[in-house]
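Notes to accompany the following structure.
The values are calculated or read from the model by the stated rules, or taken from the named source; none is laboratory data. The model shown is predicted, which means the values in this text are computed figures rather than measured ones. Note: ideal-geometry Cβ built from the backbone for every residue, glycine included; neighbour counts use all protein chains shown. All accessible areas refer to the heavy atoms of the entire protein, side chains included, with ligands and DNA or RNA removed. Shrake-Rupley method; radii C 1.70, N 1.55, O 1.52, S 1.80 Å.
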Amino acid sequence: MQFNSTSFMIFFPVVVAAYFVIPRKCRAVWLLVSSYYFYMSWNAKYAVLIGTSTLITYGCAILLEKYSDRSGIKKLISVLCICSNLGILAVFKYASFAIRTVDGLLEALGQAPTGFGIDLLLPVGISFYTFQAIGYFIDVYRGDIAAEKNLIKYALFVSFFPQLVAGPIERSKSLLTQIRDVSKINVWDAGRIASGAILMVWGFFLKMVIADRAAILVNNVFADYRMYGSTELILAGFGFEAQVYCDFLSYSLIAMGAARIMGFVLMENFNAPILARDTKEFWRRWHISLTTWFRDYVYIPLGGSRKGMGRKRINLMIVFLLSGLWHGASWGYIIWGGINGLYLILNDMTQKIRSDTAEKLKINTGCFSWTFLKVIVTNILFVFAIIFYRAVSVVDGANYIKRIFANPDPWALFDGTVYELGLSRTEMSILIVSLVVLLLVELIRYNKDMMIDKWLLTQNVWFEWLVIIALIAAIFVFGEYGFGFDAQQFVYFQF
Amino acid sequence: MKRTVIRITIFILLLAAVLLYCNSILFPKYGDGIYDLKKFYELEDNTVDVLFLGNSRCFENFSTGTLWDEYGIAAFDLGGSNQPPWNTYHYLKEALKTQHPKLIVMEASNTKQYEDYSAQQYIVKNNFGLKWSRNKVDSLLASIRKEARFTYIPEWLRYHYRYTDVEKADFVKDQGNPLYRDWKGFACNFMTYPTEGKDLSGITEVGYLSEKSEWYYNHIIELAQQEGIPIEIVIAPYSDCYEDEMKAFNRTRQIAEEKGVPFMNCVLMTEEMGLDYSVDMADPVHLNYRGSSKFSSFIGRHISENYDIPDRRGEAGYESWQRHADYIRRMISDQKLRECTDVGEYLDIISSESFDGYEVFLSIENAEGDYGQVAKNVLDGFDAGSVETAGVWHIRNGKVVWGAAGDDRDHYQDLPFSSIHLKKADEDDEEGNRIIADNRDCKVRDGFINIVIYDNVTASVEDSVAIIPGEAGQVILERKEEQTVQSAVTGGE
């Protein structure tokens with residue numbers, strides 16, 4: 001059941017309506033049942049995996065607390081808990097990739113392949129809820145939060161449907177605490193409901209009007225990139241940036257909005273990353289729930305920046321390679337992670353040189369043009385990396401980039417070629433106008449530190465309504481849905 | 001709390017208004033299955049005396065204009081392209097909600113439909129125009145395969161993507177087409193498809209109809225009979241009728257006779273109605289404006305001789321039928337003008353004072369020598385004065401309204417649904433004179449006499465000709481190929 005499906009349009013209002021009227025003490029049970037129904041709508045068998053992960057972390061956390069004064073048992077429980085959770089993830093997500101890699105190596109060495117074959121269906125959202133569960137367990141281990149004794153509430157924390165399959169990856173200190181107090185939530189708060197609804201509307205706009213429209217062009221070009229010159233390839237590269245950003249942002253916004261309508265506050269996952277001035281800032285603003293998870297549970301335990309510059313850079317690279325692997329079981333994702341790790345290391349290494357050079361050349365770094373240049377360069381670097389993320393294989397990614405430099409065709413901008421990539425002039429105009437709207441909202445987010453809901457609710461009511469009605473009408477009219485249209489899955493579902 | 005409820009209510013109302021407006025723009029407006037229902041719903045209750053049902057061979061063959069002009073019959077063609085019998089059944093049920101006609105005529109060639117489900121465009125055309133009711137739901141369920149139902153309901157899923165095709169017609173009343181103002185469903189076809197008929201009179205074998213078609217055909221007849229309305233089954237004439245189809249029509253006849261319903265297979269009656277397939281067909285299965293006039297004249301006579309149908313001409317409440325018939329006649333006049341190939345005859349028609357309701361735009365270039373004499377004769381016809389070598393004129397009712405003189409080279413004329421710009425070229429203008437209608441240059445040939453005819457009734461440029469030198473010192477009329485036929489109705493099979 002995707003957010004942009006008819007099923008969800010029925011499911012969500014029913015869940016919310018019941019949630020608002022049932023007795024307070026039944027809320028957690030109702031949300032748990034709804035969340036499992038939501039998750040099982042993809043494949044009922046998936047429930048076994050999420051249930052297993054839930055029971056393991058639930059039991060281990062209680063045992064951890066019970067034996068808090070016995071470090072040996074604590075470590076044993078921790079290893080058992082984390083390994084079993086990562087083990088499930090490894091089997092379902094990485095086993096096939098590992099075997100393929102080993103077979104490839106054996107073949108390169110002239111040896112016979114292993115002969116193993118695993119063809120398991122990747123359960124949606126497994127990386128998200130596994131990390132959320134592990135994060136909870138580590139929090140209990142560190143004594144940051146008490147182990148949850150109520151299985152229903154804990155199970156709801158792991159499976160809370162708005163953020164279950166594509167995040168944000170919530171922290172126990174935030175979401176579990178709210179779930180513990182679910183019976184105290186005042187559901188009839190018009191301002192909060194309006195705020196949640198605005199986030200959902202904006203999310204649907206990003207998904208259905210921008211992401212799925214950009215996907216048409218991106219899919220066409222990436223599927224047949226050898227037929228295109230640099231103009232189309234660059235366009236598709238930036239198109240994929242728009243697609244993946246709007247797709248993922250939209251999911252996070254719809255999740256936040258849906259949760260907010262029910263009285264829960266989820267963490268913000270994106271904070272105008274496309275306006276970041278450098279890659280370091282970019283990664284502070286992109287997929288915040290994952291980057292902070294890696295920071296808190298991997299980077300800092302590895303020593304962070306406390307053990308010298310060399311170790312810091314190695315730690316950074318480890319985190320980004322793991323992040324790439326988390327995104328998907330393929331070398332393309334790992335290379336994507338590696339490139340981004342390299343960006344951060346280079347950013348760190350060259351910071352002084354860059355500022356000294358700018359000073360020597362008397363470049364005014366306090367003006368718009370310098371900021372603009374930095375934003376553009378940051379986005380170009382991001383696009384360069386995500387080509388590996390999107391391409392079918394590493395070789396395809398490399399060839400794609402090679403063609404950008406080897407096959408210049410600037411005339412494609414003028415001879416109508418860009419309108420033959422799957423989007424007509426009208427469709428392209430809609431995409432461009434929508435991207436301008438996105439840019440305006442991002443500027444508000446970046447400069448005023450306000451999300452669209454908060455900003456709109458501070459405006460005069462006529463303007464607020466005008467914007468909301470225009471967004472809803474745009475979704476209805478220009479949204480990519482309906483007969484003959486195969487709604488694109490949210491990109492991050494596969495992670 | 002009260003304030004919040006009021007705010008939410010106002011917001012929802014505003015949102016609904018915007019979405020409904022978007023829907024009205026994007027809703028498909030095909031003339032061959034949706035728009036006829038819209039116009040049918042606009043009729044005063046119980047004003048239709050004869051209701052014609054069926055597929056395109058209903059609405060392209062039964063000329064409601066001819067039936068009115070010759071017999072004063074207030075008829076309506078209610079059909080859709082490739083309409084199968086199940087949709088005809090539900091159209092009839094829908095019609096009977098507001099009308100109680102004195103006669104129902106079903107053009108029953110659709111009974112030979114063997115597929116139980118139509119292609120998606122015909123499902124749209126034959127269902128989406130119905131107002132939401134139990135009848136519409138039943139019609140949709142009968143039309144759509146079970147597994148595909150939720151791809152048509154809500155209907156919006158099928159047409160919201162029309163934003164790429166939106167045009168002026170989607171925003172203005174009756175699509176900006178005066179035909180639709182008083183339309184009675186008849187789509188006059190101006191194509192000509194010369195062909196020959198076949199002698200199928202010897203086919204007496206009875207074929208079969210599909211179970212679904214037969215079931216609905218039976219129920220159409222029974223529904224009319226239950227309502228106490230006479231029903232007659234007609235197969236309209238067409239040239240490309242095959243033996244198997246004739247056998248199927250024999251089964252259609254058999255069922256009609258079993259139920260005591262009159263049946264006419266007009267494929268076998270072309271001589272009686274004076275049809276000539278070499279000039280009367282628009283395509284292999286539809287009559288053109290000549291053929292439909294002859295056929296409707298025949299049907300009208302048959303109806304007036306066999307049924308008690310009042311002559312409504314001059315009767316209050318039926319003015320729209322008169323306007324509709326006037327309009328059909330006007331379209332036919334325009335077509336005859338487009339078919340005129342004799343320069344003298346053409347000039348006589350358009351320079352006549354009786355050429356009423358038209359705007360004539362004339363451009364003359366390079367009028368020298370013999371050709372200059374031709375140009376002079378043209379201008380004399382309009383009493384436009386002397387001619388040098390070039391000029392542009394706007395003529396109405398045979399009189400010059402405006403002519404380029406000196407520096408006054410441009411003339412703008414706002415007309416119903418169009419804007420015209422006449423421009424006399426100066427020495428540096430290589431493109432020559434221009435007659436521009438709605439940003440399109442209507443001249444046929446540069447460097448000669450060009451005439452553009454705009455009809456204020458149909459609100460469109462109906463003809464553009466160039467008078468060019470022919471053989472042996474003669475002059476001939478030249479037209480752009482696509483201008484010889486004007487389509488009357490959007491859509492079509």
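Given the options B:338, B:290, name the one that is farther than 22 Å from residue B:453 by Cα and not acidic (Asp, Glu).
Only one candidate passes the filter, namely B:290.
Quick check: anything in the range A:422-441 part of a helix (DSSP H, G or I), within 14 Å of chain B (Cβ to nearest Cβ) and charged (D, E, K, R)?
Quick first cut of the range A:422-441, residues part of a helix (DSSP H, G or I) only: A:425-441.
Adding the requirement that they be within 14 Å of chain B (Cβ to nearest Cβ) leaves A:425-431, A:433-434.
So of that shortlist, the ones also charged (D, E, K, R) come out as A:425, A:427.
Yes, the range A:422-441 has at least one match.
If I ask for residues that are aliphatic (A, V, I, L, M) and open to solvent by 80 Å² or more (accessible area, probe 1.4 Å), which ones from the range A:367-417 would you list? Lay out the reasoning, then the answer.
Our first condition is that a residue be aliphatic (A, V, I, L, M); within the range A:367-417, this holds for A:373, A:375-377, A:380-381, A:383, A:385-387, A:391-392, A:394-395, A:398, A:401, A:404, A:406, A:412-413.
Of everything in the range A:367-417, those that are aliphatic (A, V, I, L, M) and open to solvent by 80 Å² or more (accessible area, probe 1.4 Å) turn out to be A:373, A:380, A:392, A:395, A:413.
List every residue pair whose Cβ atoms sit under 7 Å apart, with the two residues 6 or more apart in sequence or on different chains, where the first one lies in the range A:331-354 and is touching a residue at least 12 places away in the same chain (Cβ under 8 Å) and the second, anywhere, is assigned to a helix (DSSP H, G or I) and open to solvent by 80 Å² or more (accessible area, probe 1.4 Å).
Listed by first residue and then by second, the contacts come to A:344/A:280; A:347/A:280.
Please name all residue pairs, on different chains or six or more residues apart, with Cβ atoms under 9 Å, provided the first residue is in the range A:452-472 and is within 13 Å of chain B (Cβ to nearest Cβ) and the second residue is of a type in the set (Lys, Arg).
A:461/B:7
Can you name every one of the helices (runs of 4 or more DSSP H) wholly within the range A:122-215 that holds 2 or more residues which are surrounded by 24 or more Cβ atoms within 10 Å (Cβ to Cβ)? I'd like the intermediate steps shown before the answer.
Values: elements: A:126-142, A:151-159, A:177-180, A:190-205.
Once the helices (runs of 4 or more DSSP H) in the range A:122-215 are filtered for at least 2 residues that are surrounded by 24 or more Cβ atoms within 10 Å (Cβ to Cβ), what remains is A:126-142, A:151-159, A:190-205.
Conditions (1) within 24 Å of residue B:51 (Cα to Cα); (2) surrounded by 12 or more Cβ atoms within 10 Å (Cβ to Cβ); (3) within 9 Å of chain A (Cβ to nearest Cβ), marked per residue:
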{"residue": "B:142", "(1), (2), (3)": "yes, yes, no"}
{"residue": "B:151", "(1), (2), (3)": "no, yes, yes"}
{"residue": "B:157", "(1), (2), (3)": "no, yes, yes"}
{"residue": "B:163", "(1), (2), (3)": "no, yes, yes"}
{"residue": "B:172", "(1), (2), (3)": "no, no, no"}
{"residue": "B:177", "(1), (2), (3)": "yes, yes, no"}
{"residue": "B:184", "(1), (2), (3)": "yes, yes, no"}
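What residue, of B:396, B:323, B:312, is more than 30 Å from residue B:229 (Cα to Cα) and among the basic types (Lys, Arg)? Steps first, please.
On the way: B:323 fails: more than 30 Å from residue B:229 (Cα to Cα); B:312 fails: more than 30 Å from residue B:229 (Cα to Cα).
Within the list B:396, B:323, B:312, the selection yields B:396.
Go through (1) at pLDDT 95 or above; (2) within 14 Å of another protein chain (Cβ to nearest Cβ) one by one and return the number of the condition residue B:69 breaks.
(2)
Can you pull out every residue in the range A:334-389 that is in a helix (DSSP H, G or I) and among the polar types (S, T, N, Q)? Give the steps one after another, and end with the answer.
Quick first cut of the range A:334-389, residues in a helix (DSSP H, G or I) only: A:334-360, A:368-389.
Answer for the range A:334-389, where residues must be in a helix (DSSP H, G or I) and among the polar types (S, T, N, Q): A:340, A:347, A:350, A:351, A:355, A:357, A:369, A:371, A:378, A:379.
When you look at residue A:268, is it surrounded by fewer than 19 Cβ atoms within 10 Å (Cβ to Cβ), under 30 Å from residue A:11 (Cα atoms) and of a type in the set (D, E, K, R), yes or no? Don't jump to the end; show me each part of the working.
Details: surrounded by fewer than 19 Cβ atoms within 10 Å (Cβ to Cβ): yes; under 30 Å from residue A:11 (Cα atoms): yes; of a type in the set (D, E, K, R): yes.
Here the answer is yes, as residue A:268 does meet what is asked.
What's the number of the condition residue A:310 fails, among (1) of a type in the set (Gly, Ala, Ser); (2) farther than 28 Å from residue A:216 by Cα; (3) open to solvent by less than 10 Å² (accessible area, probe 1.4 Å)?
Evaluating residue A:310 over (1) of a type in the set (Gly, Ala, Ser); (2) farther than 28 Å from residue A:216 by Cα; (3) open to solvent by less than 10 Å² (accessible area, probe 1.4 Å) leaves (3) as the failure.
Within the range B:26-44, identify whether any single residue is within 14 Å of chain A (Cβ to nearest Cβ) and over 28 Å from residue B:292 (Cβ atoms), and answer yes or no. Explain how you work it out, then say what you get.
Going residue by residue through the range B:26-44, those that are within 14 Å of chain A (Cβ to nearest Cβ) are B:26-28.
Within this subset, residues satisfying the condition of being over 28 Å from residue B:292 (Cβ atoms) are B:26-27.
Looking for residues that are within 14 Å of chain A (Cβ to nearest Cβ) and over 28 Å from residue B:292 (Cβ atoms), one finds at least one in the range B:26-44, hence yes.
Condition check: in contact with a Phe, Trp or Tyr (Cβ under 7 Å, 6 or more places away or on another chain), free of Cβ contacts under 8 Å to residues at least 60 places away in the same chain and more than 22 Å from residue A:351 (Cβ to Cβ). Does residue A:324 satisfy that? Please lay out each step first, then the result.
Working: in contact with a Phe, Trp or Tyr (Cβ under 7 Å, 6 or more places away or on another chain): yes; free of Cβ contacts under 8 Å to residues at least 60 places away in the same chain: yes; more than 22 Å from residue A:351 (Cβ to Cβ): yes.
In short, yes.
Would you confirm whether any residue within the range B:79-89 is free of Cβ contacts under 8 Å to residues at least 24 places away in the same chain and more than 13 Å from chain A (Cβ to nearest Cβ)? Before the answer, list the steps.
First, the residues of the range B:79-89 that are free of Cβ contacts under 8 Å to residues at least 24 places away in the same chain: none.
No: zero hits.
Go through (1) farther than 28 Å from residue B:251 by Cβ; (2) surrounded by fewer than 13 Cβ atoms within 10 Å (Cβ to Cβ); (3) more than 14 Å from chain A (Cβ to nearest Cβ) one by one and return the number of the condition residue B:136 breaks.
Failing condition for residue B:136: (2).
Residues checked against (1) hydroxyl-bearing (Ser, Thr, Tyr); (2) under 19 Å from residue A:337 (Cβ atoms):
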position	(1), (2)
A:218	no, no
A:251	yes, no
A:265	no, no
A:278	no, yes
A:283	no, yes
A:288	no, yes
A:300	no, yes
A:307	no, no
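Say we look at the range A:1-14 and pick out the residues that are within 14 Å of chain B (Cβ to nearest Cβ) and outside any helix (DSSP H, G or I); which of these is nearest to the chain's Cα centre (by Cα)?
A:4
Filtering the range A:15-73 down to residues that are part of a helix (DSSP H, G or I) and of a type in the set (Lys, Arg), which residue is nearest to the chain's Cα centre (by Cα)? Spell out the reasoning first.
Here is the first cut: in the range A:15-73, the ones part of a helix (DSSP H, G or I) are A:15-21, A:24-40, A:46-66, A:71-73.
Then drop every residue that is not of a type in the set (Lys, Arg), which leaves A:24-25, A:27, A:66.
Working: A:24: 32, A:25: 33, A:27: 28, A:66: 35 Å.
Only one residue tops the list, namely A:27.
Of the numbered conditions (1) assigned to a loop (DSSP other than H, G, I, E, B); (2) surrounded by 19 or more Cβ atoms within 10 Å (Cβ to Cβ); (3) modelled with pLDDT of 95 or more, residue B:241 fails exactly one; give the number of that condition.
With (1) assigned to a loop (DSSP other than H, G, I, E, B); (2) surrounded by 19 or more Cβ atoms within 10 Å (Cβ to Cβ); (3) modelled with pLDDT of 95 or more applied to residue B:241, the lone miss is (3).
Looking only at the range B:266-285, filter to residues that are assigned to a loop (DSSP other than H, G, I, E, B) and touching a helix residue (DSSP H, G or I) at 6+ places or on another chain (Cβ under 6 Å); which one of those is surrounded by the most Cβ atoms within 10 Å (Cβ to Cβ)?
Looking only at the range B:266-285, we keep the residues that are assigned to a loop (DSSP other than H, G, I, E, B), and these are B:269, B:274-276, B:284-285.
With touching a helix residue (DSSP H, G or I) at 6+ places or on another chain (Cβ under 6 Å) added as a condition, the list becomes B:274-275.
Working: B:274: 12, B:275: 23.
Here the answer is B:275.
Scan (1) among the aromatic types (Phe, Trp, Tyr); (2) more than 12 Å from the chain's Cα centre (by Cα); (3) open to solvent by less than 30 Å² (accessible area, probe 1.4 Å) for the single condition residue A:299 breaks and write down its number.
Of everything listed in (1) among the aromatic types (Phe, Trp, Tyr); (2) more than 12 Å from the chain's Cα centre (by Cα); (3) open to solvent by less than 30 Å² (accessible area, probe 1.4 Å), residue A:299 misses just condition (3).
Residue B:412 versus (1) over 31 Å from the mean Cα position of the chain (by Cα); (2) part of a strand (DSSP E or B): which is the lone unmet condition?
Only one criterion in (1) over 31 Å from the mean Cα position of the chain (by Cα); (2) part of a strand (DSSP E or B) is unmet by residue B:412, namely (1).
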